[in-house]
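**Student:** Sharing a structure here in structure tokens format.
Derivation of every value follows stated rules applied to the coordinates shown; laboratory data play no part. Not measured: the values here are computed from a predicted model. Here the Cβ is made from the backbone with ideal geometry for all residues, glycine too, and neighbour counts use every protein chain on show.
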Amino acid sequence: MAFPSAFFLLLFFTSSIASSQALTAAIANQSQFFLLMQTTASGELLSNWDLSQGKSLCNFTGIRCNDGGHVVRIDISGHPLSGTFPDDVCSYLPSLRVLRLADTGLSGRFPSGITNCSLIQELDMSSLYLNGTIPDLSQMKQLRVLDLSYNSFTGDFPMSVFDLVNLEILNFNENYNLNLWKLPEKISGLKKLKSMVLTTCMLDGEIPRSIGNMTSLIDLELSGNFLKGEIPKEISFLKNLQQLELYYNELTGNIPEELGNLTELVDVDMSVNLLTGEIPESICKLPKLKVLQIYNNSLTGEIPSVLANSTTLTMLSLYDNFLTGQIPQKLGKFSPMVVVDLSENRLSGPLPLDICRGGELLYFLVLQNSLSGEIPASFAECRSLLRFRISFNQLVGAIPEGVLGLPHVSIIDVAHNNLTGSISNSISQARNLSELFLQKNRISGVIPPEISAATNLVKLDLSNNLLSGAVPPQIGSLKKLNLVMLQGNQLNSSIPSSLTSLKSLNVLDLSNNRLSGKIPESLGKLFPSSLNFSNNQLSGPIPMSLIKQGLADSFSGNPNLCLPPAYFISSDQKFPICSQISLKKGLDFIWVIVIPLLIFFTGAVLFLKRRKSPEIESKETLCSSFFHKQSFDQNRILESMAEMNIVGHGGSGTVYKIELGNGEIVAVKRLWNRRTKHFFDKELKTEVETLETIRHKNIVKLHSYFSGRNCSLLVYEYIPNGNLWDALHKGWVYLDWPTRRRIAVGIAQALAYLHHDLSPPVIHRDIKTTNILLDENYEPKVADFGIAKVLQGTKDSTNSVIAGTYGYLAPEYAYSSKETTKSDVYSFGVVLMELITGKTPIAAEYGENKNIVFWVSNKMDTKEGVLEILDERLKGLFMDEMVKALRIAIRCTYKNPALRPAMGEVVQLLQEVKKGEDTYDVTQIKYPF
């Protein structure tokens, strides 16, 4: 018996040695993967994967091993990397179960060797913008989670995923470069699937009825595709379903009554389809329903009154249908409504009394209906409200005291009704208000001077009412105003010179009033795209600066206006030449009054310059920071900040061109306003924090900044050729198409850098042609980061104050205040349209309340329309390229943010735009969303 015992003992030791050797070999093989990873990719994370110090790879960040020392998990999601992922990971890590690479910045093609990972259970490669085709995945039979969202794959959808019967989560969101494909009948084999998100991935055809057999489904999202046919009633078999998203498709027919059997349903969105018929009452009775969105369809009938009995509903969005009858009068009485949007229907009757009872209402939008009666006084207590839009109805009575002074509201739109009464002084409390539309009512009284306290106002339209009295000079303190419409009233004052302070003004209309007196010469400092003072009682000479801007026609219907003799053009001009007597009186005034005053002030300035100015702080009291290894003489900069060196006014300050002692020229932005110092400090902090870490050839370089108690200065590189707006719209320079294309690529590269290369990403939030500077070679430089926002994490940021410039704002701002990088993409699309068309974002020719995006979309059906779009200064040259670029601009301005391309893709598309034959096909250009 001794011999067998010795034999087995020897066998045991031999086996142990062999196992130890195998483990050592396996670990060595695993180490090879980490070395390979460091050669194919780079980033701070990988530099910490240091094998030379004898550190166990199982202790590396993002790595987990089993008890045997084999790597079973790689989770490096969100760590900023560049480069590619090794192709054959499982030949090195055969025990790998979980691989998470989401949002790392890795690029290239799908690593085909991953398909050999037969044991892998979770694969997350979302938000990598990978390209190329997806291989056959059928070998990955253990997969439970597969997320390939937010990539740029091409070719066919991998139908093999529907053979992976262990799948519980399938996410394939935003892959819009694939070929069209259809859901197969065998989809019902995925019995364990709980979440299926196939949004914006070129899904076509009908929803198969076999989907009703996927009874584990909790989340079903098929939005943003090309699905057709009816919604199958078999969906009602999905008893566990909580979220049903079918919006942005081409679905037809009625909404199945059977969906009322889905008692776990919380969120339903079937918006932007071709659905008809009535809203099933059964859906409105669902016990857990919080969100019901069926907007932009062709629904008829009434809103079921039973909906008002819901105790869970928070969001109701049914706008742009053909709904009739009344709004359920008890809506909001039993549930805390947050969003109500019933706009663009045929609803009648009164506004609901209890809609704000829950105290959480943010959006109340019922514009373009036939609603009647008065605005309930309860709305004045709706302090949570952000947007209140009830325009284009038949409402009467006064606006309840307090509505105009709601503390958080950003938009109040009660235009095109029959409202009376006056504008309440409570508007002074509306510190968050950015848009006020009261036009086309019968509102009387005066414009209260207290309106100046609404410091965030951007749009103000009080036109076509019965307002009288003065245009309050206090309006000039509303520095953010972009649009002022006061025409069609009975205003009878002079034009206040304080309007000159509105440096952001784009539209100013004071026509059809009873304004008198002279036109302030200082208004020539404004450069609005639309100016109208016609049909008033103005007198005296039209300021020469306004004539130079070609705005003389804006003063027609003022018989007492005249032109200076120097601007006599022809005998048929609309204005007489000013008399010599009036000119002589003007000269006498200058000699008698102005010249002595100039002498006095010149002496005073010379005297004061010898004393230390209390406003411009000394070198000792100005804090400073320098970037790019440069420093500047503060005193030289302060001394050069004279009016003669002003070259413009940015979104948050005055800009000076200053030559330093060494001959270098810099641009200095001055932020200085004691009354709103907190605002300017915030602007300064935002711009400095954004620019100090940025290094990109197409983003303006910040050299340094100085800040003190009264004065804050930003010192930039000087960009000599002004901004893109002036180059395109003022005719100061001719930009040929190759130059415009290069400008577009440069802007796109800058935005791609902000969105994709920085961690966290940066949203500019105010992309427009005035914020695009042109250097000596007409290369673009993105500027003015005063309202830029860092996008923390992956959630959308929310801000109740609208940021940006009208004409460039994405349409989602009308119904939501969420901001994503896709908002910048939309603004870029508008800029690209400007480059292609040579037209401004807002113009009268587009129609009332319409913009360039609307105008372009309505010209796309014919070749003649496309030719009309293209800038006539460029016609006949590079036409094919321009049409290709127009397609990109249209994609960037899709109404649905999810359908807009990422800026990284936009750069690739623009770089692929090459000069070719003018054989473009107009029918390829579509504007579906």
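**Student:** From the phi of every residue in segment 142-156, what ³J(HN,Hα) in whole Hz does the Karplus formula 6.51 cos²θ - 1.76 cosθ + 1.60 yield, where θ is phi - 60° and glycine or proline is x?
**Tutor:** Each residue of segment 142-156 in turn: 8, 4, 10, 10, 9, 10, 10, 5, 6, 10, 10, 5, 10, x, 8 Hz.
**Student:** My understanding is that a pair violates if its Cα-Cα distance is over 18 Å; which of K285/K333; K730/K839; K440/K839; K459/K781; K657/K701; K781/K884 do that in this structure?
**Tutor:** K440/K839; K459/K781; K781/K884
**Student:** Just to check I understand the Karplus step: with θ = phi - 60° and J = 6.51 cos²θ - 1.76 cosθ + 1.60, what whole-Hz values come out for segment 834-840, glycine and proline as x?
**Tutor:** Whole-Hz 3J(HN,Hα) from phi for segment 834-840: 4, 5, 7, 9, x, 9, 7.
**Student:** A follow-up question, please. Please sort 170-176, 111-117 by packing, taking for each peptide the average over its residues of neighbouring beta carbons within 10 angstrom, highest first.
**Tutor:** 170-176, 111-117
**Student:** Report, in whole Å, the centroid distance computed from the Cα atoms of segment 348-381 and segment 731-752.
**Tutor:** So the separation of the two Cα centres works out to 47 Å.
**Student:** Of I577, I375, how do they rank once you tally other Cβ atoms within 10 Å and put the fewest first?
**Tutor:** So the residues, fewest neighbours to most, are I577, I375.
**Student:** As a test of the definition: which semi-axes, in Å, follow for segment 25-179 when you take the square root of five times each eigenvalue of its alpha carbon gyration tensor? Largest first, please.
**Tutor:** Numbers: eigenvalues 135, 64, 30 Å².
Whole-Å semi-axes of the equivalent ellipsoid: 26, 18, 12.
**Student:** How much length, in nm to one decimal, is gained on full extension between D553 and Q394, taken as 0.36 nm per residue of separation minus their Cα-Cα distance?
**Tutor:** Difference between extended and current length: 53.7 nm.
**Student:** In units of 2.2 N^0.38 Å, what is the alpha-carbon radius of gyration of segment 336-470?
**Tutor:** Working: Rg = 13.7 Å, N = 135, 2.2 N^0.38 = 14.2 Å.
Relative to the rule-of-thumb radius for its length, segment 336-470 sits at 0.97.
**Student:** Once you put a point 7 Å from the Cα of D204 and another 7 Å from the Cα of R109, both along the Cβ direction, what distance in nm separates them?
**Tutor:** 2.5 nm
**Student:** Which distance in Å, rounded to a whole number, links the C-alpha centroids of segment 427-472 and segment 277-335?
**Tutor:** 34 Å
**Student:** If you don't mind, there's one more thing I want to ask. So if the hydrodynamic radius of segment 193-299 is defined as the Kirkwood radius over C-alpha pairs, what does Stokes-Einstein give as its diffusion coefficient at 4 °C and 1.567 mPa s, in µm² per second?
**Tutor:** Stokes-Einstein gives a translational diffusion coefficient of 96 µm²/s.
**Student:** From the phi of every residue in segment 660-670, what ³J(HN,Hα) in whole Hz does the Karplus formula 6.51 cos²θ - 1.76 cosθ + 1.60 yield, where θ is phi - 60° and glycine or proline is x?
**Tutor:** Rounded to whole hertz, the list is 7, x, 8, x, 6, 9, 10, 9, 10, 9, 10.
**Student:** Once amide H atoms are built 1.01 Å from N in the peptide plane, which residues 5 or more positions from A398, or in another chain, come under 5 Å H to H?
**Tutor:** Those qualifying (amide H under 5 Å, at least 5 residues apart or on another chain) are T420.
**Student:** Please list, ordered by chain and number, the residues whose modelled amide H lies under 5 Å from the amide H of I519; skip anything fewer than 5 residues away on the same chain.
**Tutor:** Amide H neighbours of I519, under 5 Å, 5+ apart: S539.
**Student:** Next question. Using modelled amide H (1.01 Å from N, peptide plane; none on Pro or chain starts), what sits under 5 Å from the amide H of S712, excluding residues fewer than 5 places away?
**Tutor:** L671
**Student:** So, one more: Looking at this model, which pairs from K288/K895; K192/K239; K233/K330 are more than 24 angstrom apart at the alpha-carbon?
**Tutor:** Distance filter (> 24 Å) returns K288/K895; K233/K330.
**Student:** May I pose another question? I need the peptides 465-475, 330-340, 831-841 ranked by packing, meaning the mean over residues of other C-beta atoms within 10 angstrom, with the highest value on top.
**Tutor:** Details: 465-475: 18.3, 330-340: 20.5, 831-841: 23.0.
Highest mean packing first, the order is 831-841, 330-340, 465-475.
**Student:** Residues of segment 443-465 with the amide nitrogen closer than 14 Å to a label point 7 Å from the Cα of R431, along Cα-to-Cβ, please.
**Tutor:** Output list for this probe position: 453-457.
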